[in-house]
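**Q** Sharing a structure with you now.
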Amino acid sequence: MTNTRLGVFQRWGRQLIIPGLAIATALVISIPVIGFATNWDWVKIGATYGGLLDGAFLKGFAFANTLVATTPLIFTGLALGLGFQSGVFNIGAAGQFLMGATCAVWVGYAVPLPPVIHPLACLLAGALGGGLWGAIPGYLKAQFGSHEVINTIMFNYLAFFLQDWLVKNPLKDPSPSVFRTPNVLDTALLPRFLDRLHWGFVLALLTALGVWWLLQKTTIGFELRTVGMNPEAAKYAGMHPKKMIILSMFLSGALAGMGGAVQILGVDGNMPTTYSADFGFDAIPVALLGQNHPVGIVLASVLFGALRNGSDLMQLRSGGVVSKEVIFIVQGVILLFIAAPALIRRLYHLKLQKTALEGSQLTRGWG
């Protein structure tokens, strides 16, 4: 038993080396950027990093705010991670997030329901909206061989323009001075605790557990992973790769759609025009950094939520000379090293086996 546990810890340790070094290297690379912005004033440099830390974790309700920013990232990260493990590259989480949010906000303000039932109905509508939006590219891939990367990117644009038109026309608030939907009813809002944190975060953790259970403990999950690793072998074994492709895209879209619904019900309360879908795009580095494993995705989401939440105070503490957009540089460098882990191995002279993110191993996750 001891040897087995030691083997598990060693395997997880090897998996964490590349992500850990990628994060550390990205933070080190950001030092010259901040240094040039502050004329190498080390007091300001220290204050800048201190502001990032305080804004993300330490000051007031900073940690609660970080978890609020983390919540939609967990959903969209799980969406991409499930797709990657199933052999489909779903780059459409942004559009699926938008469609889920749009469906949820409509049910939230237009369909009066009792408390408890109302937010559940909104979440279900969000999951169905995102799932169906994701299933269309899945069907096109399964039936006609069209590449899902191109299709999902195009569906992102379709979702942006469709959402903008809906909010400006049939879903618009009757007031002529605003360009947004009506506020969702109080019965549809997710309850809050710790001042700002809402129950969507708890739901996100439960969803991560559910995705792990689905992929690792169920027959459907086994078929999804098998099709992702080798469609031909899966077909020879009696599985149906086409059905699994459509199902995986539906489930992936449903997770992203739930993220949009949770953001509406827990934070925004309504949907303006040109609603932000950054959570869908940030899901790509989150899933890659988390190596497509639900636990890794949750941890990566916390990191990106902390960077997002701490950037405002970082800019303030620097006296405004360091833009909060520096965080995007950090995120970009992390993504660079995670997507090309050979750079980290060469930079630090590491002799490690290929990770789950290289070559044909991209979709396998941690197992």
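Every read-out reported here was derived from the displayed coordinates using simple, explicitly stated rules and does not represent laboratory data. Not measured: the values here are computed from a predicted model. As a convention, Cβ positions derive from the backbone with ideal geometry for all residues, glycine included, and neighbour counts pool all protein chains shown.
**Q** Given charges of +1 on the Cβ of Lys and Arg and -1 on the Cβ of Asp and Glu, with all other atoms neutral, how large is the dipole of the stretch 17-363 about its Cα centre, in debye to the nearest 20?
**A** In total the dipole reaches around 560 debye.
**Q** Name the residues whose placed amide hydrogens come within less than 5 Å of the amide hydrogen of R192, ignoring near sequence neighbours (fewer than 5 apart) on the same chain.
**A** Sorted by chain and number, the residues that satisfy this come to none at all.
**Q** For the chain, what is the relative contact order in percent, using Cα pairs closer than 8 Å and at least 6 residues apart in sequence?
**A** For the chain, the relative contact order is 34 percent.
**Q** Do the sum for the chain: with -39,500 (n - 2.57) for every DSSP H run of n ≥ 4, divided by all residues, what is the mean residue ellipticity at 222 nm, to the nearest 500 deg cm²/dmol?
**A** Value at 222 nm, helices only: -23500 deg cm²/dmol.
**Q** Which whole DSSP H helices in the chain pass both tests: a Cα extent of 27 Å or more along the axis and a mean Kyte-Doolittle value no lower than -0.5?
**A** The qualifying helices are 2-37, 62-85, 117-144, 148-168, 241-263, 294-317.
**Q** I would also like to ask the following. Build a GNM of the chain with springs between Cα atoms under 10 Å: which of L215, L205, L343 gets the top mean-square fluctuation?
**A** Among L215, L205, L343, the largest mean-square fluctuation in the Gaussian network model of the chain belongs to L343.
**Q** For the chain, compute the number of Lys pairs whose alpha carbons are separated by less than 18 Å, excluding pairs fewer than 8 positions apart on the same chain.
**A** Going through the chain pair by pair, I get 6.
**Q** Among M244, L27, H118, which residue has its Cα furthest toward the positive end of the charge dipole of the chain, with +1 on Lys/Arg Cβ and -1 on Asp/Glu Cβ?
**A** M244
**Q** Report D for the stretch 221-289 in µm² per second (integer): Stokes-Einstein, Kirkwood Rh on Cα pairs, 37 °C, 0.692 mPa s.
**A** Estimated diffusion coefficient is 229 µm²/s.
**Q** Within the stretch 155-216, list the chymotrypsin sites (Phe, Trp or Tyr not before Pro) lying in a DSSP loop whose Cβ has at most 14 other Cβ atoms in a 10 Å radius.
**A** Answer in residue order: F179.
**Q** For the stretch 132-242, state the semi-axes of the equivalent ellipsoid (square roots of 5 times the eigenvalues of the alpha-carbon gyration tensor), sorted largest first and rounded to whole angstrom.
**A** Semi-axis lengths for the stretch 132-242 are 37, 25, 9 Å.
**Q** Here's something else I'd like to know. Top mean-square fluctuation among E148, E223, E325, Gaussian network model of the chain, C-alpha springs under 10 Å?
**A** Most flexible of the set in this elastic network: E325.
**Q** Give me the base-10 log of I(q)/I(0) for the chain at each q in 0.08, 0.11, 0.15 Å⁻¹, Debye formula, one uniform scatterer per Cα, rounded to two decimals.
**A** -0.42, -0.79, -1.33
**Q** Mind checking which of G228, G210, G280 has the largest fluctuation in a GNM of the chain, springs on alpha carbons under 10 Å?
**A** Comparing G228, G210, G280 in the GNM, the peak value goes to G210.
**Q** Right, next: Using amide H atoms built in the peptide plane, which far-off residues or other-chain residues are under 5 Å from R180 H to H?
**A** Counting only residues 5 or more places away or on other chains, the set is D173.
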